[in-house]
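Below: one structure, written as structure tokens.
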Amino acid sequence: MNHLSGKIMLLLMAFCFAHPVITQKALSKEQANALNEYVRFANESVHGMLIAHRLFENYNQDINKFVDLPGHQLNFYSNSDLPANIFEDPENWFYEVSPSELYMQTLDNYSQIKLDEFTALQKIATKIQDVNTRTNQLRLSIGESINTLDLKDKENIYRIYDMLEEAVDQFDLMLAQMINLEHQLMLSTKELTGKNDATQNQSIERPFDEIFKSAQKLLLAVKAEDKSQISEQLTKLGSAAKKLQTNPLFPEIEKKQTTAKNLRIRLFENIQEIIEMTKDFQANQPIPDTYDLYGASYYYYNTKLISRFNRYGNGLVTLINQLLANLQPNEIQYLELPHHLKVIYPVKLEQQVPVIASTLQEIVRLPDELEDRKVVLAEKAQEILVDSYETEIEIFDYLHQDGDIISLNFNGDWIIKELSMESKPKKFILKLNSTGENYLILHAVNEGSIPPNTIGINYTHKGRKKRHIMQSSLKTSQMVTIKVDGKS
């Protein structure tokens with residue numbers, strides 16, 4: 001057991017013997033501070049991901065130059081400019097308190113909140129910390145590879161692109177964990193207060209919720225290029241802003257706190273800018289040449305909108321959190337959004353689709369359990385028919401993007417491990433065994449905010465595109481068999 005795991009176990013043991021029974025109907029100052037520790041940790045982690053995002057974009061541009069795609073220096077960071085760990089920052093270059101320090105502080109929350117809530121929140125915080133750690137490792141490994149590998153060797157080029165694609169996965173995982181944390185904070189607040197009622201300042205809290213959720217969904221809709229959601233959330237954001245502008249409590253509060261007035265003015269300016277920029281996106285306004293390969297949604301989400309939402313840019317979330325600190329200090333604050341990362345491939349280099357063969361060359365019996373979880377076949381559509389023993393499949397999120405994280409098992413091997421379904425579709429070529437059984441098992445790592453986890457699988461049969469839907473919960477994993485048409 002490592003030092004950190006040992007500390008968590010000691011904290012949990014101490015919690016069991018010393019934690020008081022909480023009976024109050026509103027969050028205490030101590031409870032609110034404990035829950036907001038997770039918000040601060042997550043938001044500072046997003047800030048660290050911003051630094052990494054700029055590095056990964058630069059790496060992508062640099063490596064593209066080696067394969068004859070004109071590259072443009074979008075940003076100016078390099079590893080030599082940064083601490084060894086951008087999430088620790090011992091010299092305080094980027095944070096007042098670093099994400100790593102804030103993570104350690106969350107371990108002290110066991111004395112303020114119930115054990116179940118502490119455990120659930122700490123699990124998500126640890127996943128975010130894992131993303132931070134792996135992201136920092138990747139930015140160092142890619143930089144070293146570019147500097148030391150023979151880039152005339154195509155295998156080395158592909159190795160770097162594989163690491164860049166893994167970096168994309170880390171950004172998608174961060175988004176999924178932020179969504180999961182938001183959901184868990186809501187559940188924990190309800191559990192700690194013992195009720196679902198709004199607090200006494202309902203007239204202020206409700207418009208903040210509406211503004212935050214509509215702005216958050218609007219940004220994610222732009223990222224996903226979801227035209228119907230963009231229009232819907234634009235309307236909701238405008239409506240929520242009007243409600244807050246006419247809130248009768250603001251004039252009274254602003255008489256006592258001049259800072260509240262300044263924050264409110266800047267908040268509405270940000271909202272208006274978000275609305276105007278989104279309308280520019282809808283109108284297909286020209287974007288800078290350097291972003292042509294990335295696309296308009298990437299440009300607007302990463303460079304225009306997110307700076308009006310996150311702290312860096314003094315965005316909407318920061319302003320709301322500052323208002324809450326003044327008006328309702330015992331309320332849970334709001335979470336930011338990570339940047340979106342995309343890998344651009346040069347014209348002369350095709351993106352490789354991984355070919356996966358199972359370790360077991362013949363499977364006589366289908367499994368009924370995997371990692372202590374029951375494995376079941378779907379009630380309908382229990383098999384996928386394909387044309388050959390090498391078949392390409394595409395995995396994607398079938399329904400809502402709600403923080404789902406899944407693993408996928410092919411013939412006993414994990415071909416996807418803890419993948420956020422916020423990510424773009426993943427393609428594989430499965431090399432099926434010619435004898436015995438072949439199968440895929442969907443394993444839910446979590447259930448997001450809207451269970452169960454649901455994925456779609458695109459494949460081809462008799463020259464026509466087909467789709468198979470799989471669902472999985474934390475109690476059962478779903479399996480589908482794969483058979484070559486006409487073969488026994």
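The values are calculated or read from the model by the stated rules, or taken from the named source; none is laboratory data. Here the structure is a predicted model, which means the values were calculated and not measured. Here the Cβ positions follow ideal geometry from the backbone for every residue, glycine too, while neighbour counts run over all protein chains shown.
Tabulated results
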quantity	calculated
Flag if LEU175 is closer than 28 Å to MET421 by Cα and within 20 Å of the chain's Cα centre (by Cα)	yes
Output for the stretch 311-327, where each listed residue is of a type in the set (S, T, N, Q) and either outside any loop (DSSP other than H, G, I, E, B) or touching a Ser or Thr at 6+ places or on another chain (Cβ under 7 Å) (or both)	THR318, ASN321, GLN322, ASN326
Qualifying residues in the stretch 322-379 (those that are touching a strand residue (DSSP E or B) at 6+ places or on another chain (Cβ under 9 Å) and free of Cβ contacts under 8 Å to residues at least 60 places away in the same chain) - the one farthest from THR476 (Cα to Cα)	THR359
Filter pass, ILE332 being modelled with pLDDT of 90 or more, part of a loop (DSSP other than H, G, I, E, B), hydrophobic (A, V, I, L, M, F, W, C) and outside the structural domain of PHE268 (by TED's automatic domain parsing)	yes
Residues located in the stretch 137-152, provided they are of a type outside the set (Asp, Glu), out of contact with any Phe, Trp or Tyr (no Cβ under 6 Å at 6 or more places or on another chain) and in a helix (DSSP H, G or I)	GLN137, LEU138, ARG139, LEU140, SER141, GLY143, SER145, ILE146, ASN147, THR148
Failed item, numbered, when ASP404 is tested on (1) under 14 Å from SER472 (Cα atoms); (2) out of contact with any helix residue (DSSP H, G or I) (no Cβ under 9 Å at 6 or more places or on another chain)	(2)
Residue count for the stretch 283-302, restricted to those that are surrounded by 14 or more Cβ atoms within 10 Å (Cβ to Cβ) and closer than 18 Å to LEU218 by Cα	8
Residues being assigned to a strand (DSSP E or B) and of a type outside the set (Phe, Trp, Tyr) - total across the stretch 425-466	21
Test: TYR110 is closer than 28 Å to ILE63 by Cα, crowded, with 20+ Cβ neighbours inside 10 Å and of a type in the set (Ser, Thr, Tyr)	no
Meets criteria (modelled with pLDDT under 80, surrounded by fewer than 18 Cβ atoms within 10 Å (Cβ to Cβ) and outside any helix (DSSP H, G or I)) for LYS25	yes
Criterion: on the phi < 0 side of the Ramachandran plot, in a helix (DSSP H, G or I) and either free of Cβ contacts under 8 Å to residues at least 60 places away in the same chain or surrounded by fewer than 16 Cβ atoms within 10 Å (Cβ to Cβ) (or both) - qualifying residue of GLU182, GLU117, GLU155	GLU155
Test: residue in the stretch 279-298 that is under 30 Å from ILE415 (Cα atoms), acidic (Asp, Glu) and over 20 Å from the mean Cα position of the chain (by Cα)	no
Test: ALA241 is outside the structural domain of VAL168 (by TED's automatic domain parsing), more than 17 Å from GLU336 (Cα to Cα) and crowded, with 20+ Cβ neighbours inside 10 Å	yes
Cβ pairs under 6 Å, 6+ apart, first in the stretch 90-104 and in contact (Cβ under 8 Å) with a residue 24 or more places away in the chain, second in a loop (DSSP other than H, G, I, E, B)	TYR95/ASP89; SER98/GLU88; SER98/ASP89; PRO99/PHE87; SER100/PHE87; SER100/GLU88
Pair list, Cβ under 6 Å, 6 or more apart: the stretch 54-74 residue part of a loop (DSSP other than H, G, I, E, B) and surrounded by fewer than 20 Cβ atoms within 10 Å (Cβ to Cβ), other residue among the charged types (D, E, K, R) and at pLDDT 60 or above	VAL67/LYS348; ASP68/LYS348; GLY71/LYS65; LEU74/GLU57
Some residue of the stretch 251-267 being modelled with pLDDT of 85 or more and among the hydroxyl-bearing types (Ser, Thr, Tyr)	no
Candidates ASP387, ASP372, ASP397 - the one that is in the same structural domain as GLY436 (by TED's automatic domain parsing), in contact with a Pro (Cβ under 9 Å, 6 or more places away or on another chain) and among the charged types (D, E, K, R)	ASP397
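Here is a yes/no grid of residues against (1) over 23 Å from LEU220 (Cβ atoms); (2) assigned by TED's automatic domain parsing to the domain that holds SER420; (3) at pLDDT 95 or above:
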position	(1), (2), (3)
ILE128	no, no, yes
ASN136	yes, no, yes
MET174	no, no, yes
ASN180	no, no, no
